1. For residues that are small (Gly, Ala, Ser), surrounded by 17 or more Cβ atoms within 10 Å (Cβ to Cβ) and touching a residue at least 60 places away in the same chain (Cβ under 8 Å), scanning just the stretch 50-100, find the one that is nearest to residue 159 (Cα to Cα).
2. Answer yes if at least one residue in the stretch 150-160 is crowded, with 18+ Cβ neighbours inside 10 Å, touching a helix residue (DSSP H, G or I) at 6+ places or on another chain (Cβ under 7 Å), within 30 Å of residue 108 (Cβ to Cβ) and of a type in the set (Val, Ile, Thr), and no otherwise.
3. Filter the stretch 108-120 down to the residues that are touching a Leu at 6+ places or on another chain (Cβ under 9 Å) and either assigned to a loop (DSSP other than H, G, I, E, B) or exposed (fewer than 13 other Cβ atoms within 10 Å of the Cβ) (or both), then identify the one that is modelled with the lowest pLDDT.
4. Considering only the stretch 141-183, how many residues are within 13 Å of the chain's Cα centre (by Cα), within 30 Å of residue 75 (Cβ to Cβ) and not in a strand (DSSP E or B)?
5. In a strand (DSSP E or B), modelled with pLDDT under 90 and surrounded by 12 or more Cβ atoms within 10 Å (Cβ to Cβ) - does that describe any residue in the stretch 22-39?
Amino acid sequence: MRMPAALLNPSQARPQGLPHYTGARRPVGATTARRGSAMGVIGSPSMRVVKDAAGGAKTLLRRSMSNADMLSDEDFKALRKLIEQVVGTAKRLSNGGLSYKDLARMNHPYGKGARRGVGRLRGSGRGVSNMAITNRHSGDYQRAWNGELLRDKSGVTIALTNDVKYAAYLAFGTRRMKAHSPQTTAMSKHKAAIDVEWRRLARMASSRANALEQVGIAARGEA
């Protein structure tokens, strides 16, 4: 059976339908995003980007964990600090300095195809070195970044959200515009540190569950 190219050489694979980001290799086992759907999936075990009906976008990083209910809110203090760093990175990447006039002089580098009518972009997509950077105009997009930690009995989900009505257009791109957003890059830059903390929490949860089990065994023996 012929193996998919993404599995044979994952370092050269690029998720489709997600913002392009430079300098980050795609992990082995990554799943290609579906163009036209509300989400894409990248990474292992799960990082996806979803868009809402209002036009906002959200990056979700899911980490499963046995015995997650053995952990308290205080145990997640370090992980919440990392989420703050993710938000900070997203805001820094949303401070690009190209004005509308600059973009026009560059022949609209985020555009797709030839110009055929008023308001249509005609850029070739060239001239921008990092498509994870979004230019700051009104500042609304930069200010709208937020992070959240969602817990349940089987693990944790880290959410990076931007609720401005055009965030999804920047994250996924459109028929006339290439995606250019820190929506995935901001999370990817901190993913290694997040995984280190996630493994620490998983060991802690397992240790507490084992200790509780031993107490139960001892109590039954005494009875």
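1. Looking at the filtered set, the residue picked out is 57.
2. So far as the stretch 150-160 goes, no, none of its residues is crowded, with 18+ Cβ neighbours inside 10 Å, touching a helix residue (DSSP H, G or I) at 6+ places or on another chain (Cβ under 7 Å), within 30 Å of residue 108 (Cβ to Cβ) and of a type in the set (Val, Ile, Thr).
3. Residue satisfying both the conditions and the ranking: 115.
4. 2
5. The answer is yes, given that some residue of the stretch 22-39 is in a strand (DSSP E or B), modelled with pLDDT under 90 and surrounded by 12 or more Cβ atoms within 10 Å (Cβ to Cβ).
The values are calculated or read from the model by the stated rules, or taken from the named source; none is laboratory data. None of the values given here were measured: they were computed from a predicted structure. All Cβ positions, even for glycine, are placed from backbone atoms using ideal geometry, and neighbour counts span all protein chains on display.
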